[in-house]
Amino acid sequence: MNGLRSGQVAEAAGVNIQTLRYYERRGLLAEPERTLGGHRLYPADAVVVLRAIKAAQRLGFTLDEVADLLEAGRHRRGKPDAGLQARAHSKLAEIDARIADLSTVRTDAQDWLLPAARELFGRAERDGPGDHGDLASSPVPARLPSPECLLPGVIRVLAHAASVGSKTGREL
């Protein structure tokens, strides 16, 4: 029997053995042949499938979506599939929407957190070295003032991020 053992496949694909077995249980990876001793022997293309799964996940596809894509790919037999194209375009639109949402969150963080931080450091500089260290002369103070004054800005940004997440179906 020819094939790769679990550890060899996992290492070549950059996953751990538990991930390999999980994908097998989920049906993302075909169940391999077994040796007489019960060891799994995967075909070499299992590494390619695993790398494709991980690449799809990095692009934002869920494992359910990856399973659908793999299934559609198995049935198309070299023929173009309009459904696969539509899914790819849909995923790109979803990614664009997430980027726009994150851009809004970043702008809000910049609008609220940076002024709060400036106020915090400005207050420390006005108050003098006292409890805050000498912020005016030191680029990295030994002791920063309390971050409580940042809390209102953080709460606003988190509230906005949560509202953006509810619009896209994603939680914070």
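The values are calculated or read from the model by the stated rules, or taken from the named source; none is laboratory data. These numbers were taken from a predicted model, which means no experiment stands behind them. Neighbour counts are summed over all protein chains in view; Cβ atoms, including those assigned to glycine, are modelled from backbone coordinates with ideal geometry.
Pairs meeting the criteria (first residue in the range 61-73 and closer than 18 Å to R51 by Cβ, second residue polar (S, T, N, Q), beta carbons under 7 Å, at least 6 apart or on different chains) are V66/Q57. Of all residues in the range 84-101, those that are among the hydrophobic types (A, V, I, L, M, F, W, C) have Cβ atoms under 7 Å from Cβ atoms of residues that are outside any helix (DSSP H, G or I), 6 or more apart or on another chain, in I95/G60. The set of residues in the range 27-43 being surrounded by 14 or more Cβ atoms within 10 Å (Cβ to Cβ) and in contact with a strand residue (DSSP E or B) (Cβ under 7 Å, 6 or more places away or on another chain) consists of P32, R40, L41, Y42.
The set of residues from the range 74-86 being in contact with a helix residue (DSSP H, G or I) (Cβ under 7 Å, 6 or more places away or on another chain) and either assigned to a helix (DSSP H, G or I) or modelled with pLDDT of 85 or more (or both) comprises G83, L84.
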